[in-house]
Every structure is written in structure tokens, then in C-alpha cells.
Amino acid sequence: MASSDASSAPAAAAAAVAAVGKKRGSYNCGRCGLPKKGHVCSVAAPAGEEQKLPRRALYFDEAPPPEKKVKVEVVEVESSSSEGEMEREARVGWVEVGGGRRVPGEVVVEVMRRLPPRGVAASAAISRGWRECARRVWRNAEELRLRAASVRPVGALLPRCPSLSRLVLRMESDIDATMLACVAFSCPNLQSLEISMVGSAANRMTGDELTRFVSEKRSLSVLKLDGCGNLSFLNISSSSLSTLWLSDLSSLTKSVINCPNLNELSLGFTQQNNDSTDLISLMDALGRTCSNLRNLHISSIHLCNEAVFALESANLRGLCMLSLILGSKITDAAVASIVRSYASLDLLDLSGSSITDNGLGMICKAFPRTLTRLLLALCPNITSCGVQVATSQLPLLQLMDCGKSLCANSQPEAERSYFGEIYGGIKFCSKLPIQRKQQPNYQKLIIKHANLKKLSLWGCSALDALYVNCPELSDLNLNSCTNLHPERLLLQCPSLKDVHASGCRDMLIGAIRNQVLNEFASEEPRVPCKRLADGSKRVQVPHFMLEQQFEEKWGSGSKQSQCTVHLS
């Protein structure tokens, strides 16, 4: 009887719990009814009921409860939203700007587009709305100008800009093929790439790496690289490349540029005497591989007449801009070759050459209707007479540079010694100084031109008199004109905006300011009386006539004095 009562007690307890409903945990065991504290139940679990193990704290192997799983699924759906939905949300959303005020997301995006890359990256850390706007700026960016300390920040930023078409980098550390690989992988639609080095940073790219990069980027049209001293050869083939700039080249064993659509080519070589690049073969091959070339710039101290003759045989009849600088072996014979080869040059730069006034005369006769820019800096054999003839016979000229060409004679060459053999012995003999063409110590220059806008006479220490009458002239460079007399300077240029006078004497600077700024012009006294037509007596001038007279004389003068004299 006692056993039947004991067996019916758990059943009665379970029925009572089911009838009442479980609202909170019980202190008694649900099977035997005994207190749970320190209790191990000996009653077997009913059939169909799964025995659960006690859960430990921080037990990660056990599956989370169902309610937690639902929350995780919701989070995954939000994070996997499409980019189009995110873009629409950023477009129509509002962004908190501080002080409880909000502005449309499109306004924030337009502001971010005008910030530098560092500012856009910093603004992304403000809030979620700002971060979404920054992402949209990166996604839609087509041009990026960045100054980076290493390749790492560039590699982290470029994948965020899938629409990038133009990239300008200023690197402060050494770069190699890793930079080209990063650009090739992150910017599939890149059209323009410019990389320049800052300070002592070096470009360690090789010829093989550059060749592979250009061949893989079929959409690349502009390539400008600085510090290409490690390129042992050039083998560039591209049908899309239109502009190619390479600087600091040295000792190229092979130079092949096969770009049929190339319009502009600029090759700058280092000023080293041991440079073994064959410029003659390079010039000769341009006609076969770059037939559409229009702008050509070559900078090398090894340029000579033979290289210009090879360029003539290349038959580049469509050339409009020709720049061959630092070639001290280029003479009037090379000028004659240029005149025979090209009929419509717009720019000609022969700075650093040895041409004379005769070559300058040939240039004026060949291009009177096309030449607008003529640069003849560092040409010691031209005189002020040749410069005057050039400005008078080139009516379309807009830029003229004769810097460091009209220089005063330096000290006569000191006597040197050489070895001479007399009666089988060696004896030191004095060598006579070389007789060179001497320019007069002081020259005068008169320039009258209707279209000239920029004139550069920097370092022309042989000038002692200068007269410039150019109504369209806006920029005049007189830096280091040490022998120019203030009394023999006359500037009649009403449109003049910038005058550079660094290194000039104080009296010359004062004369320049007097003519372009009217600083020392004395003001005429305003007389409130006026004589009658017959000169009989004076009468008082009305006040409104005084104001009109003041505006005509002094109002217009204040508008003309907008020129700036630069002394540094």
C-alpha cells in the first residue's frame, strides 16, 4: 500500500504542474518531487523524453538556442545586401553632421569629392552614414592623385576604386614591380598612369617588368614614369598608347618603341658622360614604328648632328613640336636638316645647342606662319641682333626664351700645359688659348611684337639696354640681368601681370616698379577752379565735374596697375 502511494505521488505532482502551467522554475525535482539541491534523481526518464546534459558556461561546441539562430540569420541578410541597394540607401538617406542636424547624403558625397584622399579616408571614421558616403566616392572615383610613403597604402586604397581611369602617384619610397602588379590587378580600366619620385626615392623597375605591364594593359593610353635608370632596354609595344614619358634613362642597350598610335614621346637621359645609348638608331626607328608621332622631346648631352640627320630619314612629316635640348654638338647644319624635314612646326626647342644667328635666320624663313613658341636658352652663340630678327619675322610668336644666351664674356681662358717631345725628352710647353667667337660685352635689345605673351631673358648679363613694346605681353623674366641699366630700360606693356626680377640690382628693381606699378608717380593736385574759354578769369568748377574728372584720371589708372614684381 505504501509502495502504491509512493508510485502515485510523482504522477500526481506532474499532473498538478501541467494543470497550473509552468511560469517559473521549481525548487523540486520534476520526476520524484524531492528538493533539487544536492539531489541526484533515481527515477528513470519517461519514454520519448531526451535526456539533456547540463550546459556549462562558455561552451562553444553546443549549438545556440533557436532564438539566437534567428537573430544571426537576420544579421546575415542585412550584411549581404546588394551594392545597388546600398547605393540607393546612401542616395536617399540623411547623414548626421553634428548638433542634431542632418543633410542629404548626396550633399555629403559632393563635398567629399572635393577633398583629398586623406580627407575622404578620415571622414569615413565619423559614422556609418559618412562611411557609406565615402564608399560611394571611392566606387565612382575616376581620377586619383595620391602622395604615398610606400606601396602598402596604395595597395589598400586602389581595390576600393573599380572605376578608376587616371592615377597620379608621388612616391616617397623606393618602388619596384610590386607597384605595377598592384595597379594592374586593382585598376582594370586604367587609361592614364603617372608615377613620380620624391626626394631620394628610387624607381627599381626593369625593362622586362615594364614591357609586361604595357602589353597587359590594353586600355592604357598615357604612361609617365620618373626615375627610369634601371631600365636596361626598352621594348614597348602597344596599340592603345598615345603618350609616353620616360625620364632619367641611362645606357639603353636596346630601344624598340612599337606604338603605331603614339602622338607624344618624351625621353629624358641622365647627364652622364658614360651614357652609351645609341641615339642615332633610336631616331631612325621612330619613323617605322611611330609613324603618327606629332610631339617629340629628347633630352641628352650626346645629341649631335648625326642624330638629327637620322630623324630626317625617319620621315616624320606630321611633327608639330620638336624639342632637342642639351645637345651642345647641334649646329646650324642640324637646323638646315630640320627646315628641310618639317614644314609646320608649332614649337621648336633647341636649348643648349651651338646654333648661331644664321641658324636662327633659317628658322624664321621656314616657319613664319606656324611657329608660336621658340626656346633658345643656353645657346651662347646667338646675339641680340638674331633675337631681334626672330621677333620681327615671326608674327605669330607667343613665347620666346633666350635665358642665359646673351651672357657677358667670361674671363679669358688660362694658359694650360701639355707634353711636348724635344730631342727625345719630355718637356712642359704652354698651350695658347683657343680663339673663340667673342660677343660684345654690352648689347641692347629692342623687341616690338603684337602677339608676344611671354618673354624670358633670365641670366642675360650682356644686356645693358632693353626696350620692350608688346601690348599682349603678360610675363617678363629678367632674373639675374646684372648689367641692365635702369636708365636704359623701357617697358611699354599695358597687359603685363608678372615681372621676375630676382638677382637684379636695387636701382633696376625700383625702375621696374616705377614703370609697371607707378609707385613713384606724383599725384597731380586737384584744382577746384577753371579759366573761361577766352582766358579772362577763373570760375569755380562744379562738384560733379570734379568727381567725373577724378574717375577718368585715377579710376582707370588703378585698374591698369595689376602687375606683380617677383623678387624670389
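Worth a mention:
- Using the Karplus relation 6.51 cos²θ - 1.76 cosθ + 1.60 with θ = phi - 60°, the per-residue 3J(HN,Hα) values for the range 329-344 come to 8, 7, 10, 5, 5, 5, 5, 4, 5, 5, 5, 6, 8, 10, 10, 9 Hz, with x marking Gly and Pro.
- Of all accessible heavy-atom area on the range 442-519, the percent that carbon and sulfur account for (1.4 Å): 47
- Among the protein heavy atoms of the range 101-140, carbon and sulfur supply 54% of the accessible surface, probe 1.4 Å, non-protein parts ignored.
- Low-density loop positions, trypsin sites (Lys or Arg not before Pro), the range 297-342 - DSSP coil, at most 12 other Cβ in 10 Å: 317
- 5 angstrom amide H check on residue 256, placed H, neighbours 5+ away: 234, 235, 236
- Heavy-atom accessible area ranking, 1.4 Å probe, most first, across 565, 43: 43, 565
- The candidates 103, 499, arranged from most to least accessible area with a 1.4 Å probe in the full protein assembly, appear as 103, 499.
- Restraint check, 224/448; 329/454; 224/329; 404/497; 444/497; 365/454, Cα-Cα greater than 32 Å: 224/448
- Protein accessible area in the range 171-330, 1.4 Å probe - carbon and sulfur %: 47
- Karplus 3J(HN,Hα) series, Hz, for the range 244-259 with 6.51 cos²θ - 1.76 cosθ + 1.60 (x for Gly, Pro): 9, 10, 9, 10, 6, 6, 7, 6, 7, 7, 8, 9, 10, 10, 9, 9
- Only protein heavy atoms count here; under a 1.4 Å probe, residue 467 has an accessible surface of about 60 Å².
- Under 5 Å, built H, 5+ apart or other chain: amide partners of residue 495: 473
- Solvent exposure of the range 181-243 as accessible area per residue, Å², 1.4 Å probe: 41
- Computed from backbone phi, the HN-Hα couplings of the range 170-178 come to 10, 9, 9, 9, 5, 10, 9, 5, 4 Hz, rounded to whole numbers (Karplus: 6.51 cos²θ - 1.76 cosθ + 1.60, θ = phi - 60°; Gly and Pro given as x).
The values are calculated or read from the model by the stated rules, or taken from the named source; none is laboratory data. Not measured: the values here are computed from a predicted model. Here the Cβ is made from the backbone with ideal geometry for all residues, glycine too, and neighbour counts use every protein chain on show. Accessible surface areas use protein heavy atoms only, side chains included; no ligands, DNA or RNA. Shrake-Rupley method; radii C 1.70, N 1.55, O 1.52, S 1.80 Å.
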